[in-house]
Amino acid sequence: MKIINITNDSIKLGQAMKLTNLVEKGADAKFLLQKNLVKVNGEIEVRRGRKLYVGDVFSFYGKNVKIVK
């Protein structure tokens, strides 16, 4: 499992996907989200702007990423 260490209270899902090098651009994240390929805390997510908080886990293609502070 990958870890993203944030300094603020939250991070947007699209930004988190770019930070982990799962996508190169926000448009790539939007495409994957529209195809129902991304889950947040086990639920399919389609919003690139979804805020992730400490303890949240998102995943796609079998890769899990946890948000920590």
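The values are calculated or read from the model by the stated rules, or taken from the named source; none is laboratory data. Here the structure is a predicted model, which means the values were calculated and not measured. Cβ atoms come from the backbone with ideal geometry, glycine included; neighbour counts cover every protein chain shown. These area figures cover heavy atoms from the full protein model, side chains too; ligands, DNA and RNA do not enter into them. Shrake-Rupley method; radii C 1.70, N 1.55, O 1.52, S 1.80 Å.
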Among the numbered criteria (1) modelled with pLDDT under 95; (2) crowded, with 16+ Cβ neighbours inside 10 Å; (3) of a type outside the set (Ser, Thr, Tyr), which single criterion is violated by Lys12? (1)
Hey, Leu32 hits all of (1) in contact with an Asp or Glu (Cβ under 9 Å, 6 or more places away or on another chain); (2) open to solvent by less than 30 Å² (accessible area, probe 1.4 Å) but one; which does it fall short on? (1)
Which residues, taken from the range 35-56, are open to solvent by less than 40 Å² (accessible area, probe 1.4 Å) and not in a loop (DSSP other than H, G, I, E, B)? Val40, Leu52
Among residues of the range 50-69 being of a type in the set (Gly, Ala, Ser) and on the phi > 0 side of the Ramachandran plot, the residue modelled with the lowest pLDDT is Gly62
